[in-house]
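This report refers to the structure that appears directly beneath it.
The values are calculated or read from the model by the stated rules, or taken from the named source; none is laboratory data. These numbers were taken from a predicted model, which means no experiment stands behind them. Virtual Cβ from ideal backbone geometry, glycine too; neighbours counted across all protein chains shown.
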Amino acid sequence: MHDRTKCIITALLLTTLLILGTAELISAQTPVNVEPSSLRSDQGGMLSIYATGVLTFNTQYTVRLEGYGILTTQYVNPTALQASVPAGLSSGSYNLKVLNETGIEVGTGSVVIQAAPKPTSTPKPDSPPPAGRPILTIRNYVVEPLQVRPGQEFTVSVEVYNNGSRAGENTIAVFPGGTFLPVGENGHMFWQVHINQTFVATQRMRAPKEIGNGIHNLQVNLSANDWEGNHYDYPQTIAVEIIGASSGATFTGKPELVIEGSKTTPEVITPGSPFTLTLNIANRGSRTAINAGVSADTQVVIPSQGGGIATADTIAIDEVITLTLPLQLKTGHEGGRQGLGITLSSSDYGGGSYSAQQTIGLDIDTSLANRPQLLIKNSTTVPGHISPGDNFTLTLALSNAGGGDAQRLTLALGGEDGENLGVFVPIEGGNVTFIPNIAAGATEEIHIRLLVSGNAETKAHNLPVELAYDTGAGTREKDTQRISIMIRRRPQFKISFYRPVEGVMVGQPFPLPIEAVNTGTARFNIPNLEVTGEGMEFTGETSTYIGQLDAGGSWTLDAMAIATEPGPKDIVVNLHYVDDLNQTQVLSEVLTVEVMEIPDMENMPGPDGMPVGPESMPEGQPESLGGKIGRFFKGLLGLGS
């Protein structure tokens, strides 16, 4: 019996080992794709591993480099991992093994480690950087809800814009967590993102229960390759506001520094030449910014004077300041419109610190002596306040900053085929305008009539402008620039007396029954409705708080006034409302009342043409009806019996 038991146990062990070995052998034979396929030994780098067939990954999977060990592995999504290869490995071909949570090999690939080039005794100049690269930046983001409570789940959506000069390959957006916890898959693959293309990455997150009040940063890691296999990382952060915690800061809001305008002197710069960058910095947040600082990307420019940082002690809410940076463009850059990263930092009186990355455009050229360079110097609209459904005139001032004439210019709103016009519709013509010639140094104004769609969102709309023109060398240049057009709702209110105001006399109080009706289709926040007027004395209530007034709703203000002199009097009613930019605006309406003199009852003639006052009556003669009426009114007015 003992020998039989030993045989059974031995058979079971051999069967188990055979099954495990077979499963491991089969799973390890599943190939994976590895990009890039080679790295330099002195640099190392980041590898992207993509699953094939039915193979999928999870957060517990790791990558092993044979001959080295386990690599630092980051989970992207069920079909993608990223692994960091350190510098200093020996050159040669290495096998990569993907291990599951139990350490079993489930995928295999390879990477070549190339030896670093041997240095020579004669130093060589640095090779020029590659001709452009993808540049990923967060252009806009939305947090739902806007204010998050501890322990609450929320959704964040980021709009990512490729502002570079190459398409991004294998583009990835990862929400790695940290302060906030990702819910579900935290990696999002977008594959190829072309120049000037955008994509939106949406992630569900959860705030920890122990988090404190105030503004917290949420990490977003953006990365992409170019078509040559070069890898680029763009780590960025967005702000999330926490309220309702039992600890932490008690204030809400933060300063928000925004670049609202930029220019260079000269307008077109050349590599290796100094220039002055002027920035218009606005604080569009809800707290005052202190110790503000601005600096430029040192990979593109270097300071020509000082340390390359411009500062301001304070920037109040909605204040706009101007800062200048003396810079010099590094050599080896391409011509045309190129992006320059700007870092804006600030703090507030509550001890909070903030930092943001924004990008502006630079016009770079090395041979402007004989060819044109067109810039949209400014853009204006008439009227300046545009609402959904309006038509307006857009004026573009085109400046030729080059040294040659721009000939046979075509200006196309929304691109040549107009596919990016968005909510704007050309009227009185198409989206393409032809200009025969713009001389060097000249500025030409182009006027275009447009209509706004009735369902347009109330915000700043981005409109691309494509310019194509012939140069003196016989070539045709193309360039796309962008302008912003603000769409805001126009309030529609009817302000009037809700009953007639008649019989007003000098010195006598009279009512002003004022009514404001929202005749539009949108709800507005109305902090105040007030009444004023010259030559008037007001008694009692002259203003009232309304708050949110729905479409079709109304509100009344019952004021009392005394006119000091006769004649038509203007009653000015001011309605204060909050517009789509959270700015308080005033809508005024003038109502007119007619003020009469108090009649002279003593000298009012009777039916016989004689005064009706009692002193004019002969003694013993009965008082007439007109006299009785006159005395009656005098008694009412306190002028006699």
Leading residue by the ranking (surrounded by the most Cβ atoms within 10 Å (Cβ to Cβ)) among those in the stretch 99-115 that are farther than 14 Å from residue 34 by Cα and aliphatic (A, V, I, L, M):
106
Identify all residues within the stretch 324-337 that are modelled with pLDDT of 85 or more and crowded, with 18+ Cβ neighbours inside 10 Å; write none if there are none.
325, 327
Any idea which of (1) within 25 Å of the chain's Cα centre (by Cα); (2) crowded, with 20+ Cβ neighbours inside 10 Å is the one residue 269 doesn't satisfy?
(1)
May I ask you to list the residues in the stretch 340-353 that are part of a strand (DSSP E or B), surrounded by 14 or more Cβ atoms within 10 Å (Cβ to Cβ) and of a type in the set (Gly, Ala, Ser)?
341, 345, 346, 347
Does the stretch 574-586 contain at least one residue that is surrounded by 13 or more Cβ atoms within 10 Å (Cβ to Cβ) and either farther than 30 Å from residue 317 by Cα or in contact with a helix residue (DSSP H, G or I) (Cβ under 9 Å, 6 or more places away or on another chain) (or both)?
no
Neighbours by Cβ (under 7 Å, 6+ apart or cross-chain): first from the stretch 170-192, in the same structural domain as residue 143 (by TED's automatic domain parsing); second of a type in the set (D, E, K, R)
170/35; 180/206; 181/206; 183/153; 183/204; 183/206; 184/204; 192/169
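Taking the residues in the stretch 78-98 that are assigned to a loop (DSSP other than H, G, I, E, B) and of a type outside the set (S, T, N, Q) as candidates, determine which candidate is surrounded by the most Cβ atoms within 10 Å (Cβ to Cβ).
Step by step, filter the stretch 78-98, then rank; the result is 89.
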Restrict the check to the stretch 483-503 and report whether at least one residue is surrounded by fewer than 17 Cβ atoms within 10 Å (Cβ to Cβ), assigned by TED's automatic domain parsing to the domain that holds residue 416, without any contact (Cβ under 8 Å) to a residue 40 or more places away in the chain and in contact with a Pro (Cβ under 8 Å, 6 or more places away or on another chain).
no
Take residue 133 and tell me if it is part of a loop (DSSP other than H, G, I, E, B) and either modelled with pLDDT of 85 or more or of a type in the set (Gly, Ala, Ser) (or both).
yes
Take the stretch 399-432 and flag every residue that is assigned to a strand (DSSP E or B), more than 28 Å from the chain's Cα centre (by Cα) and surrounded by fewer than 17 Cβ atoms within 10 Å (Cβ to Cβ).
407, 408, 410
Among the residues in the stretch 462-470, are any in a strand (DSSP E or B) and farther than 18 Å from residue 396 by Cα?
yes
Given the condition in contact (Cβ under 8 Å) with a residue 12 or more places away in the chain, surrounded by fewer than 18 Cβ atoms within 10 Å (Cβ to Cβ) and basic (Lys, Arg), answer yes or no: does some residue in the stretch 207-224 qualify?
yes
Conditions (1) within 23 Å of the chain's Cα centre (by Cα); (2) on the phi < 0 side of the Ramachandran plot; (3) in a loop (DSSP other than H, G, I, E, B) -> residue 201 fails only (3)
Confirm whether residue 525 is surrounded by 18 or more Cβ atoms within 10 Å (Cβ to Cβ), polar (S, T, N, Q) and not assigned by TED's automatic domain parsing to the domain that holds residue 462.
no
Residue 437 at pLDDT 90 or above and over 27 Å from the mean Cα position of the chain (by Cα)
yes
Say whether the condition of being modelled with pLDDT of 55 or more, among the acidic types (Asp, Glu), assigned to a loop (DSSP other than H, G, I, E, B) and closer than 27 Å to residue 82 by Cα is met by at least one residue in the stretch 16-37.
no
Test residue 159 against the criterion of being more than 24 Å from residue 343 (Cβ to Cβ), at pLDDT 90 or above, of a type in the set (D, E, K, R) and surrounded by fewer than 20 Cβ atoms within 10 Å (Cβ to Cβ), and give yes or no.
no
Hey, can you tell me all the residues within the stretch 444-458 that are assigned to a strand (DSSP E or B) and out of contact with any Phe, Trp or Tyr (no Cβ under 9 Å at 6 or more places or on another chain)?
444, 445, 446, 447, 448
